[in-house]
């Protein structure tokens, strides 16, 4: 029996990934649950296990190529054996012989995929970027289905849509009613189109945007399509700073993890999100608001010793049920897993809100971008000793900036201000974890 190796859903809002490396070759025997292919997305790099034991007879998606969620990447034929060299050779020969014929056979269906989908009445799947460009330019589903896709399996890509718009939308879909000519406004694309290839100067070199950096860039484009606003407040965290200074050595000795400021932020956030559940929600493409009763907070973690490996957002689940000590342990665990590239797909799924802490490297202020489809992200910035007037007297206090960026479609400015004030008050009173 032929078993497909399918691209799994590796996180919310992740619609595709990239095959970064095949760990087995065509003709190799694989055991069930043995790593067979490495997948890369903007959220995680992970090795996928084989769904069954058998011989890898086909590789459908080559290294470096994109693959959509739930699409087949390869085929495993059950019933092979590890010591059967003849079946290996036969499988390789059969695959090589079938490749040219398969390529020719697939050329025509790929080109006619949009028409076939339209004829059957099925609604085609388009990436959020394509959907956003279509919406901005008033393209109907009929027009989209009439665009010839150059992507995997005839998928319509951003370049296909931009090329269609650049051509003046000359072709009219067969299903569209014939009407009198109407003056058209100039087509507007969400991103500037490349007019000519980039040429490096004498003291320059070109570096292709690929891999995780490319996946992050695509996700940021999707997040940037959401109308957001940022609200800022100052927070006096003098009691928190004093507490940590007194207890950090004993905490490390007793619990085996460092006591940083981040667990305090997470604990205060989880309690405040329960008080303002709309900030913990998300608006989906079908205009449904997903309200989550638990708080599952994603923590932005830089990869590599100096952050050169990109950014990943593993999730600490059920923060509202955990003590400060449990949160500190979870935080230490996901940070180590992220930096050693050993995160699992489940480690980056199910987040309802994100915390980023640029204050760890001295950043004073910024406006973080939400991790769509989440409705909010909090930026915690550097703590500095500053002169503050208290009861008409000057005092030296530990002050920091808290910045909330939120989806303005479902969160009003008043609610955002109330949320941020409640979070600030919890941190300033510093009794939220007792």
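The values are calculated or read from the model by the stated rules, or taken from the named source; none is laboratory data. In this text, all values refer to a predicted model and were calculated from it rather than measured experimentally. Here Cβ is always computed from backbone atoms with ideal geometry, including for glycine, and neighbour counts include all displayed protein chains.
Do we find a residue being surrounded by fewer than 16 Cβ atoms within 10 Å (Cβ to Cβ) and farther than 30 Å from residue 69 by Cβ anywhere in the stretch 341-361?
First pass over the stretch 341-361, keeping only residues surrounded by fewer than 16 Cβ atoms within 10 Å (Cβ to Cβ): 341-342, 344, 346, 350, 360-361.
Add one more test, that the residue is farther than 30 Å from residue 69 by Cβ, and what stays is 360-361.
The answer is yes, given that some residue of the stretch 341-361 is surrounded by fewer than 16 Cβ atoms within 10 Å (Cβ to Cβ) and farther than 30 Å from residue 69 by Cβ.
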- Task: Could you please tell me which pairs satisfy a Cβ distance under 8 Å, a separation of 6+ or placement on different chains, a first residue in the stretch 272-285 that is within 13 Å of residue 372 (Cβ to Cβ), and a second residue that is part of a helix (DSSP H, G or I)?
- Result: 285/128; 285/131
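Of 370, 377, 399, which residue is assigned by TED's automatic domain parsing to the domain that holds residue 233, modelled with pLDDT under 95, in contact with a strand residue (DSSP E or B) (Cβ under 6 Å, 6 or more places away or on another chain) and at negative phi? Before you say what the answer is, go through the steps one by one.
Details: 377 fails: modelled with pLDDT under 95; 399 fails: modelled with pLDDT under 95.
After applying the criteria, what remains is 370.
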- Message: For the stretch 306-333, which positions are free of Cβ contacts under 8 Å to residues at least 60 places away in the same chain, buried (at least 21 other Cβ atoms within 10 Å of the Cβ) and under 21 Å from residue 251 (Cβ atoms)?
- Response: 316, 319, 330
- Task: For the stretch 269-287, enumerate the residues that are buried (at least 23 other Cβ atoms within 10 Å of the Cβ) and out of contact with any strand residue (DSSP E or B) (no Cβ under 8 Å at 6 or more places or on another chain).
- Result: 272
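For the stretch 369-412, name all the residues that are in a loop (DSSP other than H, G, I, E, B) and in contact (Cβ under 8 Å) with a residue 60 or more places away in the chain. Before you say what the answer is, go through the steps one by one.
Step one: filter the stretch 369-412 for residues in a loop (DSSP other than H, G, I, E, B), giving 369-373, 375, 381-383, 391-392, 408-412.
Once the filter is applied, which keeps residues that are in a loop (DSSP other than H, G, I, E, B) and in contact (Cβ under 8 Å) with a residue 60 or more places away in the chain, the stretch 369-412 yields 369, 370, 371, 372, 373, 375, 383, 408, 409, 410, 411.
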